[in-house]
Amino acid sequence: MMKIIKNKKKSNIYNIKQKRTSFVKIFLKNAVTGLLLTFIFAGLLFVGGEEYIFSQTEKALFFTTSQMNNIISKGKDKKDNYIEWWDIKVGASYAIPLGYNNEVNSYYTENCTALIAMFDEKNDIICSSRKNLMTVIRLNNDEKELFLCDIESLNIPELEKFEDDYYSLENRFINNHYIYREFIMKSAYIDTKNKRFIPHELTMNIVKDELDKENETVIDSKDYSINIDIRDYELIELDVSDISGNKKIPKASICNFYGTDKYDFDALMQDERLIDIIDSPPTINGSSFFAKNDTTRVYYAISNIWYNGSLKKLLIAFKIDAWNSVTKLLYFKTVILFLIVVLFLEFLHSWILNVKKQAEYAFEDYQRALTNNLAHDIKTPLMAIGGYVENILDGKLSDEEVNKYLKSIMNNVSYTDSIISRTLELNSMNYINIHKKQTDVRNIVENIIDKYSVMLDSNNITLNIDGHSEVDADASMLETAIENLISNAVKYTPDNGNININISKKGFSISNTVSKKFDVSGIKRPFVKSDTARNKSGSGLGLSIADTAVQANNFNLVLLCTDTQFIAEIRF
C-alpha cells in the first residue's frame with residue numbers, strides 16, 4: 001500500500017506582514033508638518049508684517065515732511081494757513097500709512113494718528129491739523145475759496161454743541177449700509193480777509209447709503225441756528241441747490257470736518273516724549289521714532305522753517321499701531337489661507353503616498369499569495385512522489401507496479417515543472433517592455449487553433465471563428481493572452497461541446513460550453529480555479545497570465561458565466 005507523507009506542522013513564514021499604514025495616518029502625520037510650517041509662517045509674517053508697516057510709515061513721514069516744507073516755502077509770503085487746511089490721516093488698513101491732502105476716511109484705522117503742528121518761539125501752537133470745520137465757498141464766478149471755522153477758539157456754545165453731535169455719530173457700516181453725516185449750510189458769517197466762517201443756519205443729515213444700490217436715504221436730520229455779532233464777519237445767504245448745474249452765488253460746498261481727530265491729536269501731543277522733542281533747541285532738525293508698546297510706535301520729524309517772516313518749528317508725527325483690527329483680520333486671513341493651502345498640498349501628498357503604499361501592499365499581497373499558492377500546489381505532487389518513492393524502496397512491489405509508480409512520478413514531476421514554469425512566466429510578464437504595432441488578431445487566433453486541432457477532434461468539440469480585426473498592440477503579449485483563453489476553453493469544454501470566437505474592432509470574445517454556472521469572481525487571481533475545474537490538471541494560472549498580458553496592452557479582460565456558457569472578452 002502506498003504511504004503518503006504529511007507535514008503536520010504548517011509554516012507561517014509567508015504569513016508575516018509588514019506593519020501597514022492608512023491614508024488617515026499618513027495625512028495626520030503630514031498635517032503635523034503642515035501645522036508646524038504654518039506656525040513658523042505666522043511668526044515670520046507677524047514680525048515681517050510689523051516691520052513692513054513701520055518701514056512704510058517712515059517713507060510716508062519723509063514724503064509728507066518734504067511736501068509740507070515745499071508747500072509752506074512756496075507760500076511764505078501769503079497769509080494763508082496751509083497747515084490748517086491739511087487733512088492728514090494715517091492707517092494700516094492696507095499696511096501702508098498715508099498722509100495726503102483730503103485723503104478719504106477709509107484708510108484710517110483705530111489707534112493710528114497723524115498730525116502736523118507749527119510752533120512759535122515759545123513753543124505755542126500757531127496752527128495745526130487738529131480737526132476743524134471747513135467748507136468751500138464760491139463768492140463770485142471767478143473762483144472758489146476754502147474757509148475754516150476754528151470752533152475751539154471761537155468759544156460759542158451752540159457751535160460746540162454742533163461739534164459734540166458730530167463726534168457722537170461715527171461713520172460706520174450697518175447691515176451692508178454705510179451710515180454717514182452730510183451738512184447743508186444755508187447761511188454763514190464770513191470773514192473774507194482771514195478766510196474764516198461761522199455757520200448761521202446749518203442742517204446735519206444722517207444718510208444711509210445702500211452699497212448694492214445707487215441710492216441714498218436720509219434717516220435722521222437736525223437743524224442748527226447760530227446767532228452772533230462778531231466784528232469783521234458778514235452774514236450772507238448761501239444757495240443750497242445742486243452746484244453742478246447752477247451758477248447762483250454765493251454757494252457753499254464740501255462742508256465737513258477735516259483734519260486729525262481732536263481727541264487723538266490732544267492725546268498724542270500730551271505724550272511726554274513728544275513734549276521733550278518739541279521743547280528741544282530750535283537748531284535741532286531730524287526725525288526718529290519711539291515705541292509706546294510692543295506694536296505701536298510714534299514716528300516724528302521736526303524741522304525749522306520760515307513762515308510769515310520768522311523762523312518757526314514744524315512738527316509732523318505719525319502714531320501707527322501695527323496690530324489693529326484691520327491688520328489682525330488681514331493677518332489671520334492670510335495665516336488661515338496659508339494653512340488651507342498647506343493642508344491641501346499635504347492632502348495631495350498624502351493621497352499620492354497612500355496610492356503608492358497601497359500599490360506596494362497590493363504587490364506584496366500578490367507576491368505572498370503567489371508564493372503560498374505555488375507552495376500549496378506543488379506540495380501535493382511532491383507528497384505523492386515521496387509516497388511512490390518510499391513504496392518502491394520497500395522492495396515489495398512487482399515490476400509492473402514499479403513501472404506504474406515511476407510513470408506516476410514522472411507525471412507529477414512534469415506537472416510540478418509546468419506549474420513552476422507558468423509561475424515564472426507570470427512573474428516575468430511584469431518586466432517585459434511593450435512594443436505596440438498593428439497586429440492581425442484573426443491570424444493569431446488561427447495559428448493558435450492549429451495547436452489544439454487534435455484535442456478538439458478527439459473530444460468532438462466544434463469551434464467557430466467569426467470576424468476580423470487589426471489592433472495596435474504588443475503582438476507577443478496579445479498572443480499570450482489569446483492562447484491562454486483558447487487553452488482554457490479547450491481544456492474545460494465538455495465532450496461534444498462548442499467554442500465560439502468572435503473578432504471585431506471593439507475586442508476579442510471567446511465562449512465555450514459549461515455544464516453549470518459558476519462564480520467567476522476571483523478566478524483571474526493566480527492558482528484560483530472554478531468549482532467545475534477542480535478535478536482538472538490545470539494550474540489555475542491561465543486566466544492570471546491572460547489578464548496580465550491584456551493589462552500590459554492597456555486592454556480589459558471581462559469574464560462572464562451563464563448556465564450554459566463561459567465567456568471571456570478582451571475589450572480593446
(request) Take the cross-link list Lys74/Lys319; Lys437/Lys517; Lys29/Lys436 and give me the ones stretching past 32 Å between alpha-carbons. (result) Lys437/Lys517; Lys29/Lys436
(request) Neighbouring Cβ atoms within 10 Å as the yardstick, rank Val514, Val326, Val341 fewest first. (result) Val341, Val326, Val514
(request) Report the full-extension gain for the segment Leu393 to Asn285: residue separation times 0.36 nm, less the Cα-Cα distance, to one decimal in nm. (result) 27.0 nm
(request) Provide the packing ranking of 549-556, 52-59, i.e. peptides ordered by the mean count of other C-beta atoms within 10 Å per residue, highest first. (result) 549-556, 52-59
(message) Per 0.36 nm of contour for each residue apart, how much would the distance between Lys161 and Glu272 grow if the chain were fully extended, relative to their Cα-Cα spacing?
(response) 36.9 nm
(request) At a Cα cut-off below 20 Å, give the aspartates and glutamates reachable from Lys208, other chains included and same-chain residues fewer than 8 away excluded. (result) Asp165, Glu170, Glu182, Glu216, Asp220, Asp223, Asp242
(message) Can you sort Ser288, Ser168 from fewest to most other Cβ atoms within 10 Å of each residue's own Cβ?
(response) Ser168, Ser288
(request) Can you put Trp306, Trp323 in order of Cβ neighbours within 10 angstrom, beginning with the fewest? (result) Trp306, Trp323
(request) Report ³J(HN,Hα) in whole Hz for each residue of segment 353-359, in order, from the Karplus equation J = 6.51 cos²θ - 1.76 cosθ + 1.60 where θ = phi - 60°; Gly and Pro get x. (result) 5, 5, 4, 5, 4, 5, 5
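Rule-based calculations on the coordinates, nothing more; no lab input. These numbers come from a predicted model, not from an experiment. Every residue, glycine as well, gets a Cβ built from its backbone with ideal geometry; the counts of neighbours run over all protein chains shown.
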